[in-house]
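**Q** Dropping a structure here in structure tokens format, bear with me for questions.
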Amino acid sequence: MSTVQILPEDLINKIAAGEVVERPASVVKELVENAIDAGADQIFVTLADGGKQLISVLDNGAGMSPEDAQLAVQRHATSKIAIEADLEKIASLGFRGEALAAISSVSRFELVTCHDEAQGGFQLKIEGGKPPKTASLGFPKGTKITVADLFFNQPARLKFLKSVKTEYHHIFDLILRLAIAHPQIQFKLTHDKNLVLNLPKGQDLLARIADCYGTEIASELVAIEYEESYLKFRGYFSHPASARSSKRWQHAFVNHRWVRNKTLTQAVYEGYKTLLMKNMHPMFFMEIQLDPRELDVNVHPAKTEIRLRNTTLVHTILSGRLQRALKEASRRRFFSPEDEAEAGGIAAQGVQERMLPSGALPPGPGKLFVELNDQIGFEAGPPLKTKPEPIRPQRPIPGRLPSPPLETTPTQAPEPEESAFSFNSGSDFARPQPTHLGAGAPVYSAIGQLGKKYILAQGAERLILVDQHSAHERIRFEEIRGDFYAKKLESHSLIIPLLVELPPQDGLLLEQHLPQFAQLGFVIEPFGGNDYSVKEVPSILKDKDVGALLKEVLDEMSQFGRSGKMEIFFNEVFEKIACHSAIRAGQSLSLPEMQSLLNQLASLDLQIHCPHGRPVLVEISLTELDKRFKRIV
Ligand code: ADP
Ligand code: MG
């Protein structure tokens, strides 16, 4: 009963099939990847019943000789690697040499191939892992593999397949991913005799994204490209204001392989950082090229997981570069020179950006871009041709403002009036000055306050409504963060230390982070028991409810902040400080105070959301008002 035996080949294949072939979509994946590896530029996939009844993949790749075809269906038979060292630098999608053996052991399998039309084609049929039947026949160069009745000899696995609709959706999503990774290849998908997808060959990535996911999505993307010796990446990333509540549109490809990889995703989120609204997710279609030696794909039979050799380096490069480019895109969107009327409203516009370490200066937008980083050149690309989107005034729309004059740099924006937001005393204001960025036209000029919550202002050809609390919070956040990193954050000693009582877990968390709190300007000491004595606070927080702030920060940290990433921690604290120190809704503001807030807001590069992710400003164009008043139709 317990004699050890070597299993028969057929059974080994079926066991292997358990890992490689989970469902029809995994068969399609293996077959299409083989076609791509064979150099095909046309791949036609045909399905019946969501692939449960039939899957056929036809390609115009290199094909196989009859000898190779017979070997190819055996286990551990591959043309893609030969020696151990090859495993370290895999350039093909396949390499394990087990897919065809596994698939043919659990289906009615037919392979027809031709690698040389002068010699004709070759057919090979395998029924559930039985010995192959072969024949010669006429066939053009390329390969066609047909897999019928998947799992017909494995009733237990058959039972686990889902409905036709579900299996079909898996395949459809998979083909889209493969198609995005290979825009040069024509993909055709036919399901139950209906042609559902026909993507032409030779497309560029953006056109492919538009064909696969729609022009609306494509129009919300920013192109970003970066190249250095270690790593190259290019791709399309959603404009921060166009993030989605779902992660459906997140695709990362490494050396043309669609992968799931935490480092990459985290780096992208890090790149968006404070630009994203809470619970919103960026869309990205990102292609990374790395020396194959820098990653290990031999992690899982499905080959969608990879291990990166130098995760820190990849993270740093990606997040840093993305952050720069996205901030720039945000800024550019606000100061976009496009003519509103021509764009047909405040429609989402695709922005094209190129990042090259060439040092070439961009044509057009001027110094704003230049001073960002002299290593990087930006180039404004042609705007996408998209259907103009009608204006929906009830939805907050991030503002787009006229282009600032060339000499504008953020540092040249007028100094915010210092006293403007120390609302404790009746401050003495200068005459309200409309916001100027440099010498050009005013950007916002205050009209008045609505419901003690919103500031109404006039922008170029539009009415702007600003949420006074969110806006001030955003301003504070940038200010605090700037001061912190410039080591200018001042602290204020409390004459009478503040005693704060914390639950034991939060107290522990606080004690573990005392040095970080000290960096922020908090001097806090344990006072015995669950009490802590706060002796100094950041100046910006004097007269504010520091106890409540500390509790909120610790609460947040206990939920999210244990990642050990100090930057995340600090951002969280900045957010809280910003919120606590910002003016509130319900506070009346004088015109000079409003103007001062607008001035400060305009000098920021990112005005879209408060750090909590609520919109800061909403705008309504004159055209929209004209329409509402029926001046125009
Ligand atoms: P792997 O892709 O890991 O090498 P497979 O079992 O998927 O293993 O395929 C075995 C071999 O069969 C491949 O290495 C390749 O040489 C050949 N092959 C499979 N599909 C095709 C195809 N569509 N066109 C040309 N050759 C193919
Ligand atoms: Mg393969």
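The values are calculated or read from the model by the stated rules, or taken from the named source; none is laboratory data. Model, not experiment: these values are computed from the prediction. FYI the Cβ positions are ideal-geometry reconstructions off the backbone, even for glycines, and counts take in every protein chain you see.
**Q** Taking the stretch 92-117, which residues are more than 8 Å from ligand 1 (Cβ to nearest atom), assigned to a loop (DSSP other than H, G, I, E, B) and without any contact (Cβ under 8 Å) to a residue 60 or more places away in the chain?
**A** 116, 117
**Q** Within the stretch 528-551, which residues are in contact with an Asp or Glu (Cβ under 9 Å, 6 or more places away or on another chain) and over 16 Å from residue 476 (Cα atoms)?
**A** Within the stretch 528-551, 529, 530, 531, 532, 533, 534, 535, 547, 550, 551 meet the criteria.
**Q** Among the residues of the stretch 33-43, is any within 11 Å of ligand 1 (Cβ to nearest atom), at pLDDT 95 or above and part of a strand (DSSP E or B)?
**A** Taking every residue of the stretch 33-43 in turn, at least one turns out to be within 11 Å of ligand 1 (Cβ to nearest atom), at pLDDT 95 or above and part of a strand (DSSP E or B).
**Q** Something else about it: Restricting attention to the stretch 1-21, report how many residues are over 20 Å from residue 181 (Cβ atoms) and either charged (D, E, K, R) or touching a helix residue (DSSP H, G or I) at 6+ places or on another chain (Cβ under 6 Å) (or both).
**A** 8
**Q** Ok, one more. For the subset of the stretch 162-179 comprising residues that are touching a residue at least 60 places away in the same chain (Cβ under 8 Å), in contact with a helix residue (DSSP H, G or I) (Cβ under 6 Å, 6 or more places away or on another chain) and not hydroxyl-bearing (Ser, Thr, Tyr), which member is surrounded by the most Cβ atoms within 10 Å (Cβ to Cβ)?
**A** Here the residue is 171.
**Q** With the checklist (1) loosely packed, with under 13 Cβ neighbours inside 10 Å; (2) among the hydrophobic types (A, V, I, L, M, F, W, C); (3) under 31 Å from the mean Cα position of the chain (by Cα) in hand, flag the one item residue 156 doesn't pass.
**A** For residue 156, the failing item is (3).
**Q** Restricting to helices (runs of 4 or more DSSP H) lying wholly in the stretch 438-554: which have 1 or more residues that are within 30 Å of residue 620 (Cβ to Cβ) and at pLDDT 80 or above?
**A** Details: elements: 468-485, 504-512, 514-519.
Qualifying helices (runs of 4 or more DSSP H): 468-485.
**Q** Okay, next question. From the residues in the stretch 45-69 that are among the charged types (D, E, K, R) and in contact (Cβ under 8 Å) with a residue 60 or more places away in the chain, which one is farthest from ligand 1 (Cβ to nearest atom)?
**A** Taking the stretch 45-69 and keeping what is among the charged types (D, E, K, R), we get 49, 52, 59, 67-68.
Within this subset, residues satisfying the condition of being in contact (Cβ under 8 Å) with a residue 60 or more places away in the chain are 49, 52, 59.
On the way: 49: 23, 52: 21, 59: 5 Å.
So the residue we want is 49.
**Q** For the stretch 118-139, does any single residue satisfy the condition of being among the polar types (S, T, N, Q), within 16 Å of ligand 1 (Cβ to nearest atom), touching an Asp or Glu at 6+ places or on another chain (Cβ under 8 Å) and more than 19 Å from residue 54 (Cβ to Cβ)?
**A** Residues of the stretch 118-139 among the polar types (S, T, N, Q): 119, 123, 134, 136.
Next, from what is left, pick out any that are within 16 Å of ligand 1 (Cβ to nearest atom): 119, 123, 134.
Applying the additional criterion that residues be touching an Asp or Glu at 6+ places or on another chain (Cβ under 8 Å) yields 123.
Then drop every residue that is not more than 19 Å from residue 54 (Cβ to Cβ), which leaves none.
Within the stretch 118-139, none of the residues are among the polar types (S, T, N, Q), within 16 Å of ligand 1 (Cβ to nearest atom), touching an Asp or Glu at 6+ places or on another chain (Cβ under 8 Å) and more than 19 Å from residue 54 (Cβ to Cβ).
**Q** Ok, one more. So residue 252 passes all but one of these: (1) crowded, with 20+ Cβ neighbours inside 10 Å; (2) more than 26 Å from residue 39 (Cβ to Cβ). Which condition number does it fail?
**A** (2)
**Q** Where residues in the stretch 51-89 are under 34 Å from the mean Cα position of the chain (by Cα) and basic (Lys, Arg), which of them is surrounded by the most Cβ atoms within 10 Å (Cβ to Cβ)?
**A** 52
**Q** Report every pair of residues separated by at least 6 positions or lying on different chains whose Cβ atoms are under 7 Å apart, first residue within the stretch 210-226 and closer than 26 Å to residue 317 by Cβ, second assigned to a strand (DSSP E or B) and small (Gly, Ala, Ser).
**A** 220/238; 221/238; 224/235
**Q** Of the residues 501, 552, 536, which single one is more than 24 Å from residue 597 (Cα to Cα) and touching a Lys or Arg at 6+ places or on another chain (Cβ under 7 Å)?
**A** 552 is the lone residue from the list that is more than 24 Å from residue 597 (Cα to Cα) and touching a Lys or Arg at 6+ places or on another chain (Cβ under 7 Å).
**Q** Residue 297 fails exactly one of the following numbered conditions: (1) under 12 Å from residue 237 (Cα atoms); (2) in contact (Cβ under 8 Å) with a residue 40 or more places away in the chain. What is the number of that condition?
**A** (1)
**Q** Being touching a Leu at 6+ places or on another chain (Cβ under 8 Å) and modelled with pLDDT under 90 narrows it down to one residue among 338, 294, 328, 305; which is it?
**A** The unique qualifying residue is 328.
**Q** Something else about it: From 87, 58, which residue is more than 22 Å from residue 190 (Cα to Cα) and touching a Phe, Trp or Tyr at 6+ places or on another chain (Cβ under 8 Å)?
**A** Of the residues listed, the single one that is more than 22 Å from residue 190 (Cα to Cα) and touching a Phe, Trp or Tyr at 6+ places or on another chain (Cβ under 8 Å) is 87.
**Q** Could you grab me the full set of residues in the stretch 559-593 that are of a type in the set (D, E, K, R), modelled with pLDDT of 75 or more and assigned to a loop (DSSP other than H, G, I, E, B)?
**A** 584
**Q** While we're on this one: Looking only at helices (runs of 4 or more DSSP H) that fall completely inside the stretch 162-239, which ones have 1 or more residues that are more than 30 Å from residue 310 (Cα to Cα) and more than 23 Å from the chain's Cα centre (by Cα)?
**A** 164-181
**Q** For the stretch 1-32: of the residues being among the charged types (D, E, K, R) and not in a helix (DSSP H, G or I), which is farthest from residue 186 (Cα to Cα)?
**A** To start, the set of residues in the stretch 1-32 that are among the charged types (D, E, K, R) comprises 9-10, 14, 19, 22-23, 29-30.
Now narrow it down to the ones that are not in a helix (DSSP H, G or I): 22-23.
On the way: 22: 26, 23: 24 Å.
It comes out as 22.
**Q** Could you look through the stretch 283-322, keep only residues that are part of a strand (DSSP E or B) and of a type outside the set (A, V, I, L, M), and pick out the one that is surrounded by the most Cβ atoms within 10 Å (Cβ to Cβ)?
**A** My answer is 285.
**Q** May I pose another question? Restricting attention to the stretch 77-91, which residues are free of Cβ contacts under 8 Å to residues at least 24 places away in the same chain and closer than 20 Å to residue 26 by Cα?
**A** If the condition is that a residue be free of Cβ contacts under 8 Å to residues at least 24 places away in the same chain and closer than 20 Å to residue 26 by Cα, then 78 is the only one that fits.
**Q** Given the residues 104, 65, which is the only one that is within 15 Å of ligand 2 (Cβ to nearest atom), out of contact with any Cys (no Cβ under 7 Å at 6 or more places or on another chain) and either hydroxyl-bearing (Ser, Thr, Tyr) or under 22 Å from residue 7 (Cβ atoms) (or both)?
**A** 104
**Q** So, one more: Across the stretch 36-47, what is the number of residues that are of a type in the set (A, V, I, L, M, F, W, C) and farther than 11 Å from residue 189 by Cα?
**A** Selection size over the stretch 36-47: 3.
**Q** Now, a different point. Does at least one position in the stretch 500-507 carry a residue that is in contact (Cβ under 8 Å) with a residue 24 or more places away in the chain, crowded, with 20+ Cβ neighbours inside 10 Å and of a type in the set (Asp, Glu)?
**A** Within the stretch 500-507, one or more residues are in contact (Cβ under 8 Å) with a residue 24 or more places away in the chain, crowded, with 20+ Cβ neighbours inside 10 Å and of a type in the set (Asp, Glu).
**Q** May I pose another question? Restricting attention to the stretch 256-282, which residues are part of a loop (DSSP other than H, G, I, E, B) and closer than 17 Å to residue 231 by Cβ?
**A** Within the stretch 256-282, 256, 261 qualify.
**Q** Looking only at the stretch 184-204, decide whether some residue is under 14 Å from residue 283 (Cβ atoms), surrounded by 14 or more Cβ atoms within 10 Å (Cβ to Cβ) and not hydroxyl-bearing (Ser, Thr, Tyr).
**A** No, that holds for no residue.
**Q** When you look at residue 43, is it touching a His at 6+ places or on another chain (Cβ under 9 Å), within 16 Å of ligand 2 (Cβ to nearest atom) and β-branched (Val, Ile, Thr), yes or no?
**A** For residue 43, the condition - touching a His at 6+ places or on another chain (Cβ under 9 Å), within 16 Å of ligand 2 (Cβ to nearest atom) and β-branched (Val, Ile, Thr) - is met.
**Q** So, one more: Output the residues belonging to the stretch 70-91 that are of a type outside the set (A, V, I, L, M), more than 6 Å from ligand 1 (Cβ to nearest atom) and at pLDDT 90 or above.
**A** Keep residues of the stretch 70-91 that are of a type outside the set (A, V, I, L, M), which gives 70, 74-76, 78-80, 84, 86, 88-89.
Remaining after also requiring more than 6 Å from ligand 1 (Cβ to nearest atom): 70, 74-76, 84, 86, 88-89.
Residues satisfying the conditions are 70, 74.
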